Amino acid sequence: MIRSIHIKNFKAWADSRKIRLAPLTIFCGNNSSGKSSLAQFMLMLKQTVESYDRQRVLHLGDDKAMIDLGTYGDLIFNHDTDQRLEFSFDFDAIPQIKVIDAVKQEGKGVFSNLRFEAQISFDRKSSRTQLDHMRYTMSNGEVLSFLLQSDQGGYRLESENYQAVRQKGRAWKLPPPENFFGFPDEAIAYYQNTGFLNDLSLSIKNLFKSIYYVGPLREHPERLYQFSGEEPPDVGSKGKLAINAILAAKERKIARGFKARTEGFEALIARWLKQMGLIDNFSVRRISEGRKEYEVRIMIQQGAPEVLITDVGFGISQVLPVLVQCFYVQPDSTLFFEQPEIHLHPSVQSHLGDLFIEATQAREKGKDRNIQVIVESHSEHLIRRIQRRIAEDVIKPEDVALYFIRQQKGKAVIEEMNLDIFGNITNWPENFFGNDLEDLAAMTKAARDKKKNQQHG
């Protein structure tokens, strides 16, 4: 789980300051305020980590990438390429990092709380990004820190509270790191007691491998779906693999929370669609024995004939990938949803709040799934439902982080909303959901004027 992020000089974010991320985090705000940039930033890091090019500091995107941010000048604040991109994030390392000093033959402890920070600049001569430095900080009561710093044509390794012992005859500098996060292999070869540095790099790979994104525009439904038994990692950024995921998860059992009964995966999806008031029944069926084509059958109301998913309202196909993603991905995943409420009735938007809460509390095989949900939304109904569930003790206020983002003098500014145990927001910003009072006052005045005109007509 990502505990916090801090970004400097990325798009509209001159300085985000440290942003706390909870099991359920919601970003809202005006259009073009900078909300989507937060997801874009994490997707940029994800595709960099998953890139086959180990020398590329940042993978900014292309026609095959999850996101294409253009050039360094396009993503840097104020398009000033002299500015440095800086960022940090705190996260839980999975698996935990075991540090052993091979020289002293002693263990330094097991660490799960990690902090990573990096600074990246743009080299005009080569027209490429370069890593100025990166630092890993581990803490478990004791704090260990390892810094890879650019140094006159190479890099040097520095450590705090740990003595890295250099091999004799290895005085030359270290080569560049792997992307923005990975210690070069030479760091371990040059030092006698730093074998665990690979585990630090692996923790970043594991973190970003478990980050998934569903965008605001999902794929249209199809009459037939092909499935040959493959297991997709997720539903895809546009939800194209939602039905494949349901079929791949047929044998899985999910519980709504602690001591709750388990239910089959397809039954869980059907239950949620019914709970949202969208359908009465839902099933995925093979068209005939021995075929790999499947169809999705839906009964809108009890007693009504079954129809294909292509023959019902667009809202079902739009919410389905969101539903499936919440429970399909592997435990310890972080899910980004951008405007999941698009094409949904306000009452269904309210149910999204319950869905995201349940996703963070769900269990599988007797263990917490430990899913983190991050949502960018314009839905007042979604937020109101979460406030209600806090008041009803369904979720703790500390397990929710709610932010309002706005533009101020060309910069993105973020403010955390304070939620008390009653679900109240104690620091509502101006125009949080538009100016409702202004509309109400205008409507009242118009009604009064209309009655007055009728009386004198």
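The values are calculated or read from the model by the stated rules, or taken from the named source; none is laboratory data. As the structure is a prediction and not an experimental result, all values here were calculated from the model. Note that each Cβ is placed from the backbone with ideal geometry, even for glycine, and that neighbours are counted across all protein chains shown.
Numbers for the structure displayed
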read-out: Elements of type strands (runs of 3 or more DSSP E) contained in segment 53-163, each with 1 or more residues being over 29 Å from the mean Cα position of the chain (by Cα) and either assigned by TED's automatic domain parsing to the domain that holds Lys11 or buried (at least 16 other Cβ atoms within 10 Å of the Cβ) (or both); value: 85-101, 106-123, 143-151, 154-160
read-out: Matching entry among Gln167, Gln149 (being modelled with pLDDT of 90 or more and at negative phi); value: Gln149
read-out: Condition met for Val413 (at pLDDT 95 or above and not acidic (Asp, Glu)); value: no
